[in-house]
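Here the structure is laid out as structure tokens; the discussion comes afterwards.
The values are calculated or read from the model by the stated rules, or taken from the named source; none is laboratory data. The model shown is predicted, which means the values in this text are computed figures rather than measured ones. A quick note on method: Cβ atoms are made from the backbone with ideal geometry, for glycine too, and the neighbour counts reach across all protein chains shown. Protein only, heavy atoms only, side chains kept; ligands, DNA and RNA dropped before computing areas. Shrake-Rupley method; radii C 1.70, N 1.55, O 1.52, S 1.80 Å.
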Amino acid sequence: MRLGIDFGTTRTVVSLCDRGNYPVLSFDTAQGDAVDGIPTIVAARDGELRYGLDALAVRDEPTWTTLRSFKRALAADGALEQSLDVGGARVPLFDLLVGFLSHVRDAILTRSNLPEAQRAEPEMRVVVATPANAMGTARFMTLEAFRRAGFHVIATLNEPSAAGFEYTHAHQRTISKRRDHVIVYDLGGGTFDASLVRVTDLRHDALVTGGVARLGGDDFDAALLDLVLARRAAPVDSASHARWLEACREAKERVGPNTRKLVVEVGDEQITIPVAEYYEACAPLVERTIDAMLPVMRGADANDGGATTPADGADAGDAGVTTLADSADAGALDEIAGIYVVGGASTLPVVSRMLKERFGRRVFRSPYPSAATAVGLAIAADDTSGFTLSDRFSRALGVFREAGGGRDVTFDVIFDRETALPAPGSPPVRVERRYRVAHDLGHFRVVEATDVADGGAPTGDLSLFADVRFGFVPELQRDGVDLAGADVHRLGGLGTSVVEAYELDAHGLVRMSITDEQTGFARSFALTR
């Protein structure tokens, strides 16, 4: 069977490839209800862990402790070694991922509406996604956790790129030669992503990505909680805080276009918040997403050699262009078929309202915002769909090097944000640096970054990929030599010839190798567990 699985911060959604259709699977809860996603939670008691639907069944029992949004920990530096507190015990993050995804696999087979004919198929071939701004550690841990849980991962996509497939599948009529770009606005439970996708028939090219790594529905829950706690006379302890936060999440998810007030209830206590006050508190969060999306939108100009101005080519009745006539966003908007709003957190009405006020009627909200990415992933998993995608590295990777005879340090960019990923099954993208060394020992500090500034320095979130010492003389290439404690000496002239190579695969993962061409001594480095 072939599936698209959107492993989300709040819930995990599964879509099935079924003869050109992509239905979202529903799952049976302990109460006999059918839900369209598995809550991404874990519950603990006396060392026992329960995940997803099983954790949901014991969520309200006082002897169990529930942890939500553990996926957000993937964005932290050092996530490979990170452990989380679950019910008073420290559990490795990777073990939580494998445990939860094993539960997902079991639920697909035993608790879903998967057709009986599909249950007999021995292998689950899946396409999965990561946030567009995820660093290599998060991508590796996600991919490896799916594999350890028993899935055969055939491709990894950026989440908004997957949602772009779902947009084209549902809104093909909006694409034209003049307007062949789509902006995917993906506001999930823990992250915000935006991608500019160019659509040519069934071919998708993800041109530019952007976003905020730690901004999502959880932050909208926290904004409501702040309003609630400000109305309470007494402070709350940690256990009560968790219950109030859960109540805020549930109240937020009940908000509809005609809601006038939110009622947040814990036990016998009720607190009412006017929805207008809540929207006011949410507005800065939505503005942050728009600020992150604007550079992505302007990429339409950069990739097409400049768009026509609204006066020259915009539809006279397009409210979005009218709103943007005096702004830098107007030209880019004229190239865009639609801004597609997806992600569970985007269902909050204030999100669409603020986007439509800013960008007009070219804003489309997915009818199934929580499932759009999963459906897009299922389309990508369907080798008969005809859809193809050129995705992007969506971050920068480089190495700090000495310059000016050791008096300065520069950042050598190996892969930038716009580097195209190879197609699944294709050879990796390879970049080499070949040179003669001037020292007996090299120190390579390879980092990933959100982006690179005009001056060449890494910016945004930084994550160490590898901290490598490599001997350039035979006596430093023997087993047991402590390179970390070795002094660096300048050679009398140029030394051995070295090949420093980086390979980027279809999952967005990098392998680095260093080879001494004279002695044949080599070492390689990759994210492993």
* With contacts defined as alpha carbon pairs under 8 Å and 6 or more residues apart, what's the relative contact order of the chain in percent? -> 14 percent
* Taking 1 over the mean of 1/r across every pair of different Cα atoms in the range 132-246, what Kirkwood radius in Å do you get? -> 17.2 Å
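Which FRET efficiency value, to the nearest 0.05, is calculated for E517 and D18 with the Förster distance at 51 angstrom and r the Cβ-Cβ distance?
For E517 and D18, the calculated efficiency is 0.45.
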* Asked: Just from its helices, what would the mean residue ellipticity at 222 nm be for the chain, if runs of 4 or more DSSP H residues each count -39500 (n - 2.57) and the sum is divided by every residue, rounded to the nearest 500 deg cm²/dmol?
  -> -8500 deg cm²/dmol
* To do: Could you tell me what percent of the DSSP beta bridges with both partners in the chain are antiparallel, to the nearest 5?
  => 80 percent
* To do: Please report, as a whole percent, how much of the solvent-accessible surface of the range 106-197 comes from carbon and sulfur atoms (probe radius 1.4 Å).
  => 51 percent
* Please get the size of the charge dipole for the chain, origin at its Cα centre, with Cβ charges of +1 on Lys and Arg and -1 on Asp and Glu, quoted in debye to the nearest 20. => 440 debye
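For T200 and R72 in one chain, what is 0.36 nm times their gap in residues minus the Cα-Cα distance, to one decimal in nm?
My answer for the length gained is 42.7 nm.
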* For the range 1-118, report the translational diffusion coefficient in µm²/s to the nearest whole number, using Stokes-Einstein at 37 °C, 0.692 mPa s, and a Kirkwood Rh over Cα pairs. => 219 µm²/s
* Asked: Per residue, how much accessible area does the chain show when a 1.4 Å probe rolls over the protein heavy atoms, in square angstrom?
  -> 43 Å²
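List the trypsin sites (Lys or Arg not before Pro) within the range 340-409 that DSSP assigns to loop and that have no more than 12 neighbouring Cβ atoms inside 10 Å.
Here the sparse-neighbourhood loop sites are R407.
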* Take the alpha carbon atoms of the range 278-296, find their center, do the same for the range 111-175, and report the distance between the two centers in whole angstrom. => 28 Å
* Could you check how much of the accessible area of the range 370-412 is carbon and sulfur, as a whole percent, using a 1.4 Å probe? => 46 percent
* For S497, list long-range residues whose amide hydrogen, built 1.01 Å from N in the peptide plane, is under 5 Å from its own amide hydrogen. => E517, Q518
* With everything on Cα atoms, drop me the angle between helix 136-148 and the longest principal axis of the chain, reported from 0 to 90° to the nearest 10. => 70 degrees
* **Rounded Å value of the spacing that divides the Cα centres of the range 234-271 and the range 351-414** => 33 Å
* Structure fact -> Whole-percent carbon and sulfur contribution to the accessible surface of the range 229-301 (1.4 Å, no ligands, DNA or RNA) stands at 52 percent
* **Interchain or long-range residues, amide H under 5 Å from L262's placed H** => I273, V275
* To do: Work out from phi, with θ = phi - 60° and the Karplus expression 6.51 cos²θ - 1.76 cosθ + 1.60, the ³J(HN,Hα) of each residue of the range 180-193, listed in order in whole Hz, and give x for Gly and Pro.
  => 10, 10, 10, 9, 9, 9, 10, 9, x, x, x, 9, 10, 10
* Out of the range 438-529, which GluC sites (Glu not before Pro) are coil in DSSP terms and have no more than 13 other C-beta atoms within 10 Å? -> E517
* Could you give the nm distance between label points at A403 and S176, where each point is 7 Å from its Cα heading toward the beta carbon? -> 4.7 nm
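Sorted by average packing, counted as other Cβ atoms within 10 angstrom per residue and highest first, what order do 18-27, 132-141 take?
Descending mean neighbour count gives 132-141, 18-27.
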* To do: Just need the Rg to Rh number for the range 483-529, please, alpha carbons only, Kirkwood Rh.
  => 1.09
* Please report, in debye to the nearest 20, how large the charge dipole of the range 1-138 is about its Cα centre when each Lys and Arg carries +1 at its beta carbon and each Asp and Glu carries -1 there. => 260 debye
* Please work out the Cα center distance from the range 178-193 to the range 484-516, rounded to the nearest Å. => 38 Å
* **Nearest 10 degrees, 0 to 90: helix 217-231 Cα axis against the chain principal axis** => 60 degrees
* Structure fact -> Once the in-chain neighbours fewer than 8 apart are removed, the lysines whose Cα is under 26 Å from K356 read K177, K252, K261
* May I ask which residue of T63, G493, P428 lies farthest towards the positive end of the charge dipole of the chain, with charges of +1 (Lys, Arg) and -1 (Asp, Glu) on Cβ and the Cα centre as origin? => P428
* Asked: Cα axis of helix 372-381 to longest principal axis of the chain: angle in degrees, 0 to 90, nearest 10?
  -> 50 degrees
* Structure fact -> A correct Kirkwood calculation over the Cα atoms of the chain returns a hydrodynamic radius in Å of 25.0 Å
